[in-house]
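Novice: If you scroll down you'll find the structure; I have some questions about it.
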Amino acid sequence: MRANCWMGTKKLEVHTVPDPQILNPRDAIVRITCTAICGSDLHLYNGWIPTMRRGDVLGHEFMGEVVEVGSAVKNLRRGDRVVVPFPIACGHCNLCEKELYSLCENSNPNAWMAEKLWGYSPSGLFGYSHMLGGYPGGQAEYVRVPFADVGPIKVPDNLKDEQVLFLSDIFPTGYMAAENCNIQPGDVIAVWGAGPVGQFAIKSAFLLGAERVIAIDRFPYRLDFARRSGAEVLNYEEVDIYEELRELTGGRGPDSCIDAVGMEAHGPAIQYAYDKVKTNLMLETDRPIAVRQAILSCRNGGTVSLAGVYGGFVDKFPLGAVVNRALTIKSGQTHVHRYLRPLMQRIEKGDIDPSFVITHRLKLSDAPEGYEMFLHKTDECMKVVMTP
Amino acid sequence: MSKKKVWNPGRQDDSAESRKRLLMAIGAVAGAAAAGIWATQRFSRSEQAGWLRARVSRDIHVRKTYTINRQPDAVYGFWRKLENLPQFMKHLESVELIGERRSRWRAKGPAGFKVEWEAELIDDRPNERIAWRSLEGSTVPNRGSVRFDPAPGSRGTELRVELFYEVPGGRAAQLVGKLFGEEPEQQIDEDLRRLKQILETGEISVAAADRRREAAQPAESLQYDFARTGGKA
């Protein structure tokens, strides 16, 4: 089959690789009909996530048609249309039973690697480094889905691929980020990053009852997207974010702040220079500019919700603000499984049509160009979907 | 790393700013280390342990504990059927019962090296504890025990395993020492992780067909040096 392979930092090639096979009784093989490039794929592309190997198949946002199931998969059949959550979860360990699916204790065969970096290992993920399992991803013609009796959700015939594809990651990710804010009537939510996850965080915050949402980015076209969802917008290259947020919230600060940026943040010159130097010297692994600002801007007793990916160690983390101002930090890779059904219902009811973020439709063979375009935000790129 | 960024050095490049940036960079160097040191310690701890073992003794003594989301009777039942052990213990080829309390263990090592010994149960308390030791005259004197304690909060069983392999010397013994690879603790950790996977999910997690072998040889993959690369692939 053809697959988009990571061949090194900033180097992708679409290659012919062996077709996946059923390896365990609870596996399924899915023929991909639609797959997307995620902002977190750019961290892999840019070489920020350790334990990638030449030839790794990328992609963790995908859906398709079941073509084969293992002997223990009773809920799926050949021909079923399914969306597959990006974390791999067994459904039976203690943390799966608590619906903390992205922390599944059994799905990462390389858990020992993650333990060395983080103390304990989270679940395995599709196409996201060997430290997180080394599972081939879904930017391919076919994918093997472990624990297929737990993860994939069947798609009703009346919904198109593009309407449900993002249940695999960014819709639940934006939704969980908003849910983690424990939104109360009258709440004002600020969202750093108006990329795809930020867009879903904005929509989700409104769905969950936020009074106002303020989106922060530097690309006017992305801020326009946010505005169309009903958000107020701030361009951090034009205004001082802390001051402006204070002004917009009667001096209180936003009730909750969502970081939908993650480890490769950009920011005002000095801070960006500082983190860039530190990461270049390998004294810091992530650039935590957005989260620092979110913490300093949040109102006393508020919540900072992290949806962006961080990988290692950050510097100049304003812990004093967190403690003295009683902030709550909520985080985690998305427990996608628990959001599949309720969010599918939202889509069916017409509360939201997730396809609004799609700006580019490519063939899988054009994946390398898609990454470049998404990385550099050329042609007002918001979200790239690909078909094999 | 991406180079096309908004920061434009020319934009605020007066001398005060330059000095400030330089100071920050120096500060960054001086402050290096917390993360680096922590990571380095974590990564080298097992290597150091291996080094010490190599100098002082090649005996292998490992303690490991895992919580398994099954009741103690199920976990005990699986372990008590000693023939099951090779399903998750990588160095074992087979365990065969040769009497009420006696069993024959066959292990495989590097380069096709094989060794076998007989063992006897010395403690068997249903759903609580099993202990065994090799019979006298074994090439590889060894003993082990496993406890099955109920985990608090209905979380199944806290499994506590202790293994002791004596490696007295000589060529055969050296090969025996290699049964567990360079990182015996890690290998036994992987063994118990597989046991947990079997008991909780009914299968052993594997990423891809060509990695079944790799999954069984974690030490080989230590080529990933997080501390050195600072998070860069």
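The values are calculated or read from the model by the stated rules, or taken from the named source; none is laboratory data. Owing to the predicted nature of the structure, the values given are computational and were not obtained by experimental measurement. Note that each Cβ is placed from the backbone with ideal geometry, even for glycine, and that neighbours are counted across all protein chains shown.
Novice: Conditions: (1) part of a helix (DSSP H, G or I); (2) closer than 19 Å to A:SER305 by Cβ. A:ALA210 meets all but one. Number of the miss?
Specialist: For A:ALA210, the failing item is (1).
Novice: What are the pairs, 6+ residues apart or on separate chains, where a residue within the range A:165-192 that is surrounded by 24 or more Cβ atoms within 10 Å (Cβ to Cβ) has its Cβ under 7 Å from a residue that is of a type in the set (Lys, Arg) and modelled with pLDDT under 95?
Specialist: Hits for this filter: zero, empty list.
Novice: Within the range A:339-365, work out how many residues are in contact (Cβ under 8 Å) with a residue 60 or more places away in the chain and either charged (D, E, K, R) or outside the structural domain of A:PRO87 (by TED's automatic domain parsing) (or both).
Specialist: Total meeting the criteria: 5.
Novice: While we're here: So, in the range A:101-157, of the ones that are among the small types (Gly, Ala, Ser) and facing chain B (nearest Cβ under 9 Å), which residue ends up surrounded by the fewest Cβ atoms within 10 Å (Cβ to Cβ)?
Specialist: Restricting to residues being among the small types (Gly, Ala, Ser) and facing chain B (nearest Cβ under 9 Å), the top hit is A:GLY119.
Novice: Does the range B:194-215 include one or more residues that are at pLDDT 85 or above, at the interface with chain A (Cβ under 7 Å from one of its Cβ atoms), in a helix (DSSP H, G or I) and under 12 Å from the mean Cα position of the chain (by Cα)?
Specialist: For the range B:194-215, residues at pLDDT 85 or above, at the interface with chain A (Cβ under 7 Å from one of its Cβ atoms), in a helix (DSSP H, G or I) and under 12 Å from the mean Cα position of the chain (by Cα): absent.
Novice: Find the residue count for the range A:265-286, including only residues that are at the interface with another protein chain (Cβ under 7 Å from one of its Cβ atoms), crowded, with 21+ Cβ neighbours inside 10 Å and among the hydrophobic types (A, V, I, L, M, F, W, C).
Specialist: The qualifying residues number 1.
Novice: Follow-up. Is the range A:85-105 home to any residue that is modelled with pLDDT of 95 or more, over 18 Å from A:HIS335 (Cα atoms) and more than 23 Å from the chain's Cα centre (by Cα)?
Specialist: no
Novice: If I go through the range A:91-113 residue by residue, how many of them are more than 19 Å from A:TYR339 (Cα to Cα) and hydroxyl-bearing (Ser, Thr, Tyr)?
Specialist: Number satisfying all stated conditions: 1.
For (1) within 14 Å of chain B (Cβ to nearest Cβ); (2) of a type outside the set (D, E, K, R), each residue gets a yes or a no:
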| position | (1), (2) |
| --- | --- |
| A:PRO288 | yes, yes |
| A:VAL309 | yes, yes |
| A:ARG346 | no, no |
| A:THR359 | no, yes |
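Residues are listed down the side, and each one gets a yes or a no for (1) touching an Asp or Glu at 6+ places or on another chain (Cβ under 9 Å); (2) within 14 Å of another protein chain (Cβ to nearest Cβ); (3) not hydroxyl-bearing (Ser, Thr, Tyr):
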position	(1), (2), (3)
A:ASN4	yes, no, yes
A:GLU13	no, no, yes
A:ASN24	yes, yes, yes
A:ARG31	yes, no, yes
A:CYS34	yes, no, yes
A:ASP41	yes, yes, yes
A:ASN46	yes, yes, yes
A:THR51	no, yes, no
A:GLY64	yes, no, yes
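Novice: Across the range B:96-150, what is the total count of residues that are touching a His at 6+ places or on another chain (Cβ under 6 Å) and of a type in the set (Ser, Thr, Tyr)?
Specialist: Qualifying residue count, the range B:96-150: 0.
Novice: Quick test of your reading of the structure: B:GLN174 fulfils all but one of (1) surrounded by fewer than 16 Cβ atoms within 10 Å (Cβ to Cβ); (2) modelled with pLDDT of 90 or more; (3) among the polar types (S, T, N, Q). Name the failing condition by number.
Specialist: (2)
Novice: Hey, any hits in the range A:48-57 for a residue that's at pLDDT below 95 and under 22 Å from A:LYS377 (Cα atoms)?
Specialist: Yes.
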